[in-house]
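First comes the structure, then the notes that go with it.
The values are calculated or read from the model by the stated rules, or taken from the named source; none is laboratory data. Predicted model only: the values in this text are computed from it and were never measured. Cβ atoms come from the backbone with ideal geometry, glycine included; neighbour counts cover every protein chain shown. The accessibility values were calculated without ligands, DNA or RNA, using every heavy atom of the protein model including side chains. Shrake-Rupley method; radii C 1.70, N 1.55, O 1.52, S 1.80 Å.
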Amino acid sequence: MLQDPAFDRRNLEVVNPAKFIIRRSIKQFDGSLSLKYSPKSEEERKAAKAYGFACSKQTCSMPLYDLKGTIHQKNDKQDYSQILTFYHPFKLGFYEYKTSGLSQGVGKALLPFTITLDIVTSPLQLIAFSIIVSNY
């Protein structure tokens, strides 16, 4: 897409902070980001739609979920002429995946109690939900 001559990457932006969760122990990450494209012509709009963007009159957008990758060491001999850059800065949030201090056995042991609590409180939850919905 970034190399397609019908798609002007200067009109491509990342909206909202992109979020990535890093798992250092296995050197992998998961993430999501949302793209916004501002086509300047009908040809650009058609190119954006062909790549999966949803377009309104002014802009096109596409959320990207379940992005996965592997963390590698930086290549000191990187050929920077081969890198495609974004023209607009964007915020990027990194979060580290950490497990809780509780063992899996504790979660499994509490499961019957949480299910019972959900069943017992479900009439109250339903009443509260219907009150909220009726107020709108």
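If you count only protein heavy atoms with a 1.4 Å probe, what accessible area per residue comes out for segment 30-96, rounded to a whole Å²?
It amounts to 80 Å² per residue over segment 30-96.
How high is the FRET efficiency from residue 113 to residue 50, r the C-beta distance, R0 35 Å, rounded to 0.05?
0.10
What ³J(HN,Hα) values, in whole Hz, does the Karplus curve 6.51 cos²θ - 1.76 cosθ + 1.60 give for segment 16-32 when θ = phi - 60°, with x put for Gly and Pro?
Residue by residue, segment 16-32 yields 6, x, 6, 10, 10, 9, 9, 10, 5, 4, 10, 6, 10, 9, 10, x, 8 Hz.
Determine which aspartates and glutamates satisfy two conditions relative to residue 40: a Cα distance under 20 Å, and not lying fewer than 8 residues away in the same chain.
Within the straight-line cut-off, residue 40 pairs with 4, 8, 13.
What translational diffusion coefficient, to the nearest whole µm²/s, does the chain have by Stokes-Einstein, given a Kirkwood radius computed over alpha-carbon pairs, a temperature of 20 °C and 1.002 mPa s viscosity?
D, rounded to a whole number, is 109 µm²/s.
Classify segment 20-84: rounded, prolate or oblate, from the alpha-carbon gyration tensor (a ≥ b ≥ c, eigenvalue square roots; a/c under 1.5 rounded; otherwise prolate if a/b is larger than b/c)?
Oblate shape, in that a/c is at least 1.5 and b/c is the bigger or equal ratio.
Calculated from DSSP H runs of 4 or more alone, at -39500 (n - 2.57) each and per residue, what is the 222 nm mean residue ellipticity of the chain, nearest 500?
-10500 deg cm²/dmol
Top mean-square fluctuation among 35, 12, 126, Gaussian network model of the chain, C-alpha springs under 10 Å?
126
Extending each Cα 7 Å along its Cβ direction at residue 95 and residue 28, get the distance between those two points in nm, one decimal.
Modelled inter-label distance: 1.8 nm.
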